[in-house]
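Shown next, in structure tokens, is the structure this report addresses.
FYI, it's all coordinate maths here, none of it is from the lab. Fair warning: this is a prediction, and the values are worked out from it, not measured in the lab. Positions of Cβ are generated from backbone atoms using ideal geometry, with glycine treated the same way; all protein chains shown enter the neighbour counts.
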Amino acid sequence: MWKVFSSLGHAFRGMIDLLSTERNAQIEFVMALFFIGLGLWLKLSSVEWCFVFACIGAVIGAEGLNTAIERLCDFHTKELHEDIRFVKDVAAGSVLIIGIMVVCIGLVIYGPKVMQVLGL
């Protein structure tokens, strides 16, 4: 049982490290809070909340993996290396792909509700 608590402790420390050191993760976290607040105001359905939370988890989780990959690459070498550039760019591109999909999902969920509130 101690190993489980120890593992959870490391995971929580990793989340705190990510949110306290990475600007993009901080921005994503603030955006998550904004969209949670907006969702509460717009009274999202249970299914819509599932998508919102999945999107938040996907973006911040991908950012964490991207950060870990970048740090590992930087630990390996600070020199310019084509393979390291490739790995870092693909990791960053993966976050971008998830971000684009999250924006699309957000438009589907929030768009009609916001337009209705604005009377459009």
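Summary of computed values
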{"quantity": "Mean residue ellipticity (222 nm) of the chain, computed from DSSP H runs ≥ 4 via -39,500 (n - 2.57), nearest 500", "calculated": "-32000 deg cm²/dmol"}
{"quantity": "Scaled radius of gyration (Cα, divided by 2.2 N^0.38 Å) that the chain gives", "calculated": "1.30"}
{"quantity": "The chain, dipole about Cα centre (Lys/Arg Cβ +1, Asp/Glu Cβ -1), debye to the nearest 20", "calculated": "420 debye"}
{"quantity": "Whole-number percent relative contact order across the chain, with pairs defined as alpha carbons under 8 Å at least 6 apart", "calculated": "27 percent"}
{"quantity": "Kyte-Doolittle mean at least 0.5, axial Cα span of 20 Å or more - DSSP H helices of the chain", "calculated": "23-42, 46-76, 82-118"}
{"quantity": "Likely footprinting exposure, K88, K43, fewest C-beta neighbours within 10 Å first", "calculated": "K43, K88"}
{"quantity": "Residue-count net charge about V102 - beta-carbon cut-off 14 Å; Lys, Arg +1, Asp, Glu -1", "calculated": "-3"}
